[in-house]
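Chemist: Sharing a structure, written as structure tokens. Questions coming.
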Amino acid sequence: MTSSTTLSRNPRVRVTNVELLSSAWYVLRRTTFDYQHGDGRWTTEQRETYDRGNGATVLLYDLQNGTVLLTRQFRYPVYVNDHPDGMFVETAAGLLDTDDPETAIRREAEEETGVRIGELEHVFDVYTSPGSVTERLHCYAAPYDPAVRGEGGGIAEEGEDIEVLELPFTKALDMIGTGEIADAKTIMLLQWAALHGPFRPA
């Protein structure tokens, strides 16, 4: 990620100071910058940004059987913010670490769902929480063959305890309406699949 103090792509933004607040898990910074408003006046602003690196996710689908492969795992941040039990249903995903997005999502998909991805389609890149989190998420879709799928479940040594869910695509869409699927990346990919992707109307 570009250093905040060297950013120059927007002449209406002048970064004047960057403070490191925490680097215990990921990196939290407080940045002071001058910002020119639409009416020409300048103000001094401060923002905190949480940098956890970029990530990738994939919607795995079986068009012949009309199913998608999702995961369910405990997510403390949603549990503490009124999710009923913290058991979150979502597409396989993970941070890039030092890999490129395609390599990273192939790795994460196999670890979490047991699927070795062959053909991989890039769908879009999104920023899911632009008010405070720097993460850019690379979103993909790929077919899977249930006959050759491994066990998945994540890496136990890293504390992962992931349940693999094979759901009818129509059921997954219904779960958005009921609130059973409340994950942004998963909702976006399911809706893409219904409107423009493998499950779009003929």
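Here is a yes/no grid of residues against (1) out of contact with any Asp or Glu (no Cβ under 9 Å at 6 or more places or on another chain); (2) modelled with pLDDT of 95 or more; (3) more than 30 Å from Ile105 (Cα to Cα):
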site: Thr6; (1), (2), (3): yes, no, yes
site: Thr16; (1), (2), (3): no, yes, yes
site: Gly38; (1), (2), (3): yes, yes, yes
site: Thr67; (1), (2), (3): no, yes, no
site: Thr71; (1), (2), (3): no, yes, no
site: Val78; (1), (2), (3): no, yes, no
site: Asp82; (1), (2), (3): yes, yes, no
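Chemist: Oh, and also: Output the residue which, of all residues in region 153-202 that are without any contact (Cβ under 8 Å) to a residue 60 or more places away in the chain and open to solvent by less than 30 Å² (accessible area, probe 1.4 Å), is nearest to Leu60 (Cα to Cα).
Modeler: The extreme case among them is Ala194.
Chemist: Looking for whichever is more than 13 Å from Thr91 (Cα to Cα), basic (Lys, Arg) and touching a helix residue (DSSP H, G or I) at 6+ places or on another chain (Cβ under 6 Å) here; the options are Arg149, Arg200, Arg116. Which one fits?
Modeler: Arg116
Chemist: I'd like the full set of residues that are part of a loop (DSSP other than H, G, I, E, B), open to solvent by 80 Å² or more (accessible area, probe 1.4 Å) and among the charged types (D, E, K, R), limited to region 37-74.
Modeler: Once the filter is applied, which keeps residues that are part of a loop (DSSP other than H, G, I, E, B), open to solvent by 80 Å² or more (accessible area, probe 1.4 Å) and among the charged types (D, E, K, R), region 37-74 yields Asp39, Arg41.
Chemist: Now a separate question. Search region 105-131 for residues that are farther than 12 Å from Ile155 by Cα and pair each with any residue that is of a type in the set (Phe, Trp, Tyr) and open to solvent by 30 Å² or more (accessible area, probe 1.4 Å) when their beta-carbon atoms are under 9 Å apart and the residues are at least 6 apart or on different chains.
Modeler: From residues that are farther than 12 Å from Ile155 by Cα, the pairs are Val123/Trp192; Phe124/Trp192; Ser129/Tyr50.
Chemist: Right, something else. Which numbered condition in (1) open to solvent by 20 Å² or more (accessible area, probe 1.4 Å); (2) over 30 Å from Glu45 (Cα atoms) is the only one that Tyr127 fails?
Modeler: Failed condition: (2).
Chemist: Applying the selection to region 75-93, what residues are open to solvent by less than 20 Å² (accessible area, probe 1.4 Å) and on the phi > 0 side of the Ramachandran plot?
Modeler: Gly86
The values are calculated or read from the model by the stated rules, or taken from the named source; none is laboratory data. Fair warning: this is a prediction, and the values are worked out from it, not measured in the lab. Backbone-built Cβ (ideal geometry, glycine too); neighbour counts: all protein chains shown. Side chains included, ligands, DNA and RNA excluded: accessible areas come from the protein's heavy atoms. Shrake-Rupley method; radii C 1.70, N 1.55, O 1.52, S 1.80 Å.
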